[in-house]
1. If only one of Y240, Y273, Y257 is farther than 18 Å from L119 by Cα and surrounded by 17 or more Cβ atoms within 10 Å (Cβ to Cβ), which one is it?
2. Of everything in the range 38-49, what is of a type in the set (A, V, I, L, M) and either under 24 Å from V121 (Cβ atoms) or outside any strand (DSSP E or B) (or both)? Give them in sequence order.
3. Name every residue in the range 329-352 that is free of Cβ contacts under 8 Å to residues at least 24 places away in the same chain, part of a helix (DSSP H, G or I) and not basic (K, R), in order of residue number.
4. Check the range 5-12 and report whether any residue there is buried (at least 18 other Cβ atoms within 10 Å of the Cβ), hydrophobic (A, V, I, L, M, F, W, C) and under 25 Å from V277 (Cα atoms).
5. Take A278 and tell me if it is closer than 17 Å to H202 by Cα and not acidic (D, E).
6. Only one of E176, E183 is at pLDDT below 90, farther than 29 Å from H340 by Cβ and in the same structural domain as M260 (by TED's automatic domain parsing); which?
7. In the list K43, K59, which residue meets the criterion of being more than 30 Å from E181 (Cα to Cα) and more than 16 Å from ligand 2 (Cβ to nearest atom)?
8. Which of the following residues is within 16 Å of ligand 4 (Cβ to nearest atom), assigned by TED's automatic domain parsing to the domain that holds H202 and not polar (S, T, N, Q): L108, L115, L124?
Amino acid sequence: MQTFSCRCGNPLFFENTHCLGCRSEVGWCPTCANIVALETLPKGGYRCTHPGCATDLMKCHNYAFANVCNRMVVMNDGHADTLCDCCRYNAVIPDLAIEGNRARWAALEAAKRRLFHTLDVLGLPHGTHGDAIRVPLSFSFMADALPDQGLWRSTASQEKVYTGHANGHITINVKEADDVERERLRVDMNESHRTLIGHFRHEIGHYYWDLLVKARDEEACRRVFGDHHHPSYAEALEHYYQQGAPADWSIHFISAYAAMHPWEDFAETFAFYLDMVAVLDTAMHMGLSRAEYDGSLDGMLQAFHQVGMAVNELNRDMGLLDLAPGVMAPAVRDKLAYLHELIRNAPRSLEG
Ligand SMILES: [Zn+2]
Ligand SMILES: [Zn+2]
Ligand SMILES: [Zn+2]
Ligand SMILES: [Zn+2]
């Protein structure tokens, strides 16, 4: 992610709603694609202060009324779409009557905005209901149903909300936005990383399988990731939760969970690819010359290794988790090569 600049000269960051220098309200202008200081207009609304832009804007409904967004929408004759280009993908939002949910929702939206930014860096197509896209994308942020006050009732399994993807609809359990809860799950499930943005990157991997691979490139995908129909997903899931990943998973997979089924392998590898793109994009904007590469996958892997090793050492200095794996298995590189081509050749729009 790049940093931006306020009219006062102070740096602005992707998540900002105010400038810490001049206290101006700031927001994302969709016209010039910048975080900008907002000038209040006498007629209501705001004007983008980015030099040469001056678009009249309104706050996204979720910015104005819930403060979980920092995006603006373009004002036309005083009217505007009420939701920004990220919030318009929401199908279900957290119940704000529950304490803590506004903060959880804000964390979810911040991760979602970063996700869309990376998709746009890559030029990947996406759209929601009403857009001309073969598989409309949408998000639901839901909590487990809580048991009633009555002591007789417990939370049945069907009331549990699983994070997952089905036909373009991504569900994220809002408890993933709780740091303590998420870290507990990470340790329980023996994962090297479990982050909110990581969930979005994994689930969007399933979305792009549906959009770009299903009935379009399944044969080539099968050759790289294995047969997604044998064993069935349900069989693979049961086997994984009984036996876990094979001991030698790291020779073949980016993560232990990827060993479960070719669809999970695809999503895990896709998430790792997005991790690399996001990290290298940020490192490049921060002026790290090690992050520059020629556009090839091997150039990208080399640059990510260089940046990753430096950040791993910085993290170890601070007692934090490693950012990048030390070694990349050849089998994982082949899967990334498939994704690299799939993403580079993806059409900008995919209609019905
Ligand atoms: Zn400022
Ligand atoms: Zn602008
Ligand atoms: Zn919004
Ligand atoms: Zn998955």
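The values are calculated or read from the model by the stated rules, or taken from the named source; none is laboratory data. No experiment lies behind these values; they were computed from the predicted model shown. Counting neighbours? That spans all protein chains shown, and the Cβs are built from the backbone with ideal geometry, glycine included.
1. Only one candidate passes the filter, namely Y257.
2. Matches in the range 38-49: L41 only.
3. Applying the first criterion (free of Cβ contacts under 8 Å to residues at least 24 places away in the same chain) to the range 329-352 yields 330, 341, 344-345.
Among the residues that remain, those that are also part of a helix (DSSP H, G or I) are: 330, 341, 344.
Within the range 329-352, P330, E341 meet the criteria.
4. Within the range 5-12, one or more residues are buried (at least 18 other Cβ atoms within 10 Å of the Cβ), hydrophobic (A, V, I, L, M, F, W, C) and under 25 Å from V277 (Cα atoms).
5. Numbers: closer than 17 Å to H202 by Cα: yes; not acidic (D, E): yes.
So A278 passes the test.
6. Numbers: E176 fails: farther than 29 Å from H340 by Cβ.
The conditions single out E183.
7. Working: K59 fails: more than 16 Å from ligand 2 (Cβ to nearest atom).
None of the others qualify; the one that does is K43.
8. Working: L108 fails: within 16 Å of ligand 4 (Cβ to nearest atom); L124 fails: within 16 Å of ligand 4 (Cβ to nearest atom).
Only one candidate passes the filter, namely L115.
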